[in-house]
Each structure stands twice: as structure tokens, then as C-alpha cells.
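Here is the structure we will look at.
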Amino acid sequence: MLKTFAKISAVALALGAVTGCATKGQLQEVQNRVSGLESRVSKVESAHNDIMKDLRSAHDHAARAEEKAEKALECCEAQSEKLDRMFQKRMLK
């Protein structure tokens, strides 16, 4: 009985050691993959921040261009009205 117990214990210890080594290797592999993914996430976040910065800049430029276009339209309409009044004045003479 003691001999059988010793054999079973030896086999269990050997299996435990093999399983433990495999687990350490797997753990290292998982840690490597996590590190790689963290690096990729960092690059994606950096690219996202750059894109958002460019997008804000483009939005600001578009807003300024729209403002200038509206002012130009107001000026054009004012000039058109002025010319119409001048034409009407000239036609009455």
C-alpha cells in the first residue's frame, strides 16, 4: 500500500511539474501577446489623437471659410442693391 502510494505520488509530482512548466510557458506567451497588443493599442490611440487634431483644424478652417463666404455674399448683395439704385436713379433722369 505504501509502495503504491509512493508511485502515485511520484507520477502526480511529475505531472504537476510538467503541467507547471507548460503553464509558465503559456503564461509567458500570453504576457508577450498582451505586451504586443498594448503596443498596438498605444499606436492606434496616438493615430486617433493625430486624426482628431487634424479634424478639429479642418473644422476650424471650414468655419472661417464659411464666415468669409457669408461676408463676401453680404458685400455682393449690398453692391448689387447699390448698383440697382444707381441704375433706377439714372433711368428717372
Q. Can D60 be described as of a type in the set (D, E, K, R) and modelled with pLDDT of 95 or more?
A. yes
Q: State which residue pairs qualify: first residue small (G, A, S) and inside region 73-84, second residue surrounded by 10 or more Cβ atoms within 10 Å (Cβ to Cβ) in any location, beta carbons under 8 Å apart, and separation of 6 or more residues or different chains.
A: none
**Q.** Lone unmet requirement of (1) modelled with pLDDT under 95; (2) surrounded by 10 or more Cβ atoms within 10 Å (Cβ to Cβ) for H48
**A.** (1)
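The values are calculated or read from the model by the stated rules, or taken from the named source; none is laboratory data. All values reported here derive from a predicted model rather than from experimental measurement. All Cβ positions, glycine included, derive from the backbone under ideal geometry; neighbour counts span all protein chains shown.
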